[in-house]
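Written out below as structure tokens is the structure these notes cover.
The values are calculated or read from the model by the stated rules, or taken from the named source; none is laboratory data. Computed from a prediction, not measured in an experiment: that's the story for all the values here. So basically every Cβ, Gly included, is an ideal-geometry build from the backbone, and we count neighbours across all protein chains shown. Protein only, heavy atoms only, side chains kept; ligands, DNA and RNA dropped before computing areas. Shrake-Rupley method; radii C 1.70, N 1.55, O 1.52, S 1.80 Å.
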Amino acid sequence: MEQTAAERKIEYRERVGEELERWFGPLNNGQHLEAKKWAEQFTPLGLEGLAMRKNWQQKLRRVIDHRKDLSEVTSGLKELLLRPEQYRSTSYQNRLDENKKVTIELIYQVGKQLNHSQRKHLAAEIISVATDFDDLACKTKSEPGRLAAKSNE
């Protein structure tokens, strides 16, 4: 059974609330209210979003099919990763832009209301992610031959 618009908004609010709590810890009433406002303003991307993603994935597949030519793979990946908007319709890009705007506003409004405990929680999450990136960077530096060999397969 398909969800109603109201049911989807409740689901979006719950999901964004869970994600905010992951980063900030338990939310206060004002922060929950901001999540509710966000859910009302957020525009689902629906089937057009799936079509855009499928189009992008097909282009990625074509780039990967040329993996024996490292320069072609590099330029293809750069194009896909640095300019994904070129594969989107104007209406889809407009909805993405609007969703980005309301999401930034949500984070701003929630951030203005952070208490000491939430700030500490956020700092710990950021340090954890930074450590993960450092670990990945160290692995990449220590195993460059392995990565190059994989790209030639």
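Once the convex hull of the alpha carbons of the stretch 1-64 is built, what does its volume come to per residue, in cubic angstrom?
Dividing the Cα hull volume of the stretch 1-64 by its residues yields 128 Å³.
Listed by chain and number, the lysines whose alpha-carbon sits under 23 Å from that of LYS9, ignoring those within fewer than 8 places in the same chain, are LYS36, LYS37, LYS100, LYS101.
The length gained by stretching the chain between LEU81 and ILE104 to full extension, at 0.36 nm per residue less their Cα-Cα distance, is 6.1 nm. Normalised per residue, the accessible area of the stretch 11-153 is 71 Å², obtained with a 1.4 Å probe and no contribution from ligands, DNA or RNA. Karplus-derived 3J(HN,Hα) values for the stretch 45-54, using 6.51 cos²θ - 1.76 cosθ + 1.60 with θ = phi - 60°, are 8, x, 5, 5, x, 5, 5, 5, 5, 5 Hz; glycine and proline are entered as x. For the stretch 11-93, applying the loop criterion from DSSP together with a ceiling of 16 other beta carbons within 10 Å to the trypsin sites (Lys or Arg not before Pro) yields ARG67, LYS68. The orientation-averaged shadow of the Cα convex hull for the stretch 1-137, equal to a quarter of the hull surface, comes to 11.2 nm².
Counting only protein heavy atoms and using a 1.4 Å probe, the accessible area of THR4 comes to about 70 Å².
Rounded to the nearest percent, how much of the accessible area of the chain (1.4 Å probe, protein heavy atoms only) is carbon and sulfur?
Carbon and sulfur together cover 57 percent of it.
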